[in-house]
Amino acid sequence: MNFNNAEFKFACGTSEQLPMSTLPEIIFSGKSNVGKSSLINKLANRKNLARISSKPGKTGTINFFEVENFHLVDLPGYGYAKVSKCEKQRWAELMEGYFAQDRLFCMVVQLLDMRHKPTQDDLDMIQFLESSGLPYIVVLTKKDKLKKSEQEKNLVMIGDCLKKFKGIRLFPFSAQTGEGADSVINTIRNSVEEFYMEYEEE
Ligand SMILES: Nc1nc2c(ncn2[C@@H]2O[C@H](COP(=O)(O)OP(=O)(O)OP(=O)(O)O)[C@@H](O)[C@H]2O)c(=O)[nH]1
Ligand SMILES: [Mg+2]
């Protein structure tokens with residue numbers, strides 16, 4: 001299963017440029033270089049839909065992709081130290097502007113690097129998601145870079161770091177092997193379906 005017909009729609013560098021929200025949005029959030037664009041490409045089964053770079057800070061804009069009856073939203077990564085102060089301010093304005101708008105938020109896919117402990121920025125972001133009440137899942141990226149024994153160990157370690165967030169859902173994933181992609185796709189599909197069911201009831 002994949003999102004084969006995904007299509008790039010727009011890139012926005014300031015919150016004023018953000019388009020009206022016309023379809024439910026599945027939002028990809030995480031630190032710079034964690035693998036957001038790679039995950040989107042894997043879900044869409046396309047190599048270059050979202051641009052990937054080994055250099056952190058590649059995605060500086062909020063990028064929208066249309067899939068069937070929903071949008072994938074690729075957020076610029078946080079926590080990249082080498083970005084200028086001015087660029088950080090632009091980033092903060094863009095992210096705050098996006099989340100403050102009246103949009104069809106459907107679900108956030110929060111990415112964490114499976115190799116490491118979540119950073120303070122990661123924990124702040126998850127805390128923000130908890131307080132906002134937005135539905136979210138956590139995808140653990142770069143699983144292929146760990147040995148099997150480390151994979152199990154790190155899953156427990158990360159679960160432990162996040163234990164105060166009750167009921168948090170963790171999805172180990174590798175953009176290299178595609179492992180975990182189907183579960184993420186199913187979860188996205190379910191959340192879009194639920195969104196439409198609730199929307200129609202209103
Ligand atoms: N081995 C491996 N490499 C990965 C995986 N996911 C991402 N990468 C690599 O990590 C680097 C960053 O990936 P991106 O997808 O560009 O990361 P991003 O989160 O979009 O980064 P920004 O746009 O800077 O915020 C690239 O070199 C990817 O090839 C993975 O699951 N396994
Ligand atoms: Mg990116």
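Bear in mind that the values in this text are calculations on the coordinates, not laboratory data. These numbers come from a predicted model, not from an experiment. Cβ sites come from the backbone with ideal geometry, for glycine too, and all protein chains shown count toward neighbours.
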- Message: What are the ³J(HN,Hα) couplings of region 27-39, residue after residue, when phi is run through the Karplus curve with 6.51, -1.76, 1.60 and θ = phi - 60°? Round to Hz, x for glycine and proline.
- Response: 9, 9, 10, x, 5, 4, 6, 6, x, 5, 5, 5, 5
- Task: Taking 7 Å along the Cα-to-C-beta vector as the label spot, tell me the Asn69-Tyr196 distance in nanometres, rounded to one decimal.
- Result: 0.2 nm
- Message: I'm a student and want to see the number: the projected area of the Cα convex hull of region 7-201, averaged over all directions, in nm².
- Response: 10.8 nm²
- Message: Which entries of Lys31/Lys117; Lys47/Lys153; Lys117/Lys166; Lys9/Lys143; Lys42/Lys163 have Cα-Cα distances beyond 20 Å here?
- Response: Lys47/Lys153; Lys9/Lys143; Lys42/Lys163
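Based on the mean of other beta carbon atoms within 10 Å per residue, what is the order of 125-136, 33-44, 147-158, 110-121, most packed first? Don't jump to the answer; show the numbers that get you there.
Numbers: 125-136: 15.7, 33-44: 24.1, 147-158: 13.7, 110-121: 18.6.
Answer by packing, highest mean first, reads 33-44, 110-121, 125-136, 147-158.
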- Message: Starting from the 7 Å offset along Cα-to-Cβ, what nm value, one decimal, do you get for the label separation of Gln101 and Asn45?
- Response: 3.0 nm
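Would you mind classifying region 3-57 by shape? Square roots of the alpha carbon gyration tensor eigenvalues, ordered a ≥ b ≥ c; an a/c under 1.5 is rounded, otherwise it is prolate if a/b is larger than b/c and oblate if not.
Working: a/c = 1.91, a/b = 1.19, b/c = 1.60.
It is oblate, given that a/c is not under 1.5 and a/b is not larger than b/c.
How would you classify region 67-110 from its alpha-carbon gyration tensor, with a ≥ b ≥ c the square roots of the eigenvalues: rounded for a/c under 1.5, else prolate if a/b is greater than b/c, otherwise oblate?
Numbers: a/c = 3.06, a/b = 1.93, b/c = 1.59.
Prolate, since a/c reaches 1.5 and a/b exceeds b/c.
Counting other beta carbons within 10 Å of each residue's own, what order do Thr14, Thr61 fall into, fewest first?
Ascending Cβ contact count within 10 Å gives the list Thr14, Thr61.
Please work out whether region 129-192 counts as rounded, prolate or oblate from its C-alpha gyration tensor, where a ≥ b ≥ c are the square roots of the eigenvalues and a/c under 1.5 means rounded, while otherwise a/b larger than b/c means prolate and anything else oblate? Display every interim value, and only then the final one.
Working: a/c = 2.89, a/b = 1.22, b/c = 2.37.
Note, shape of region 129-192 comes out oblate.
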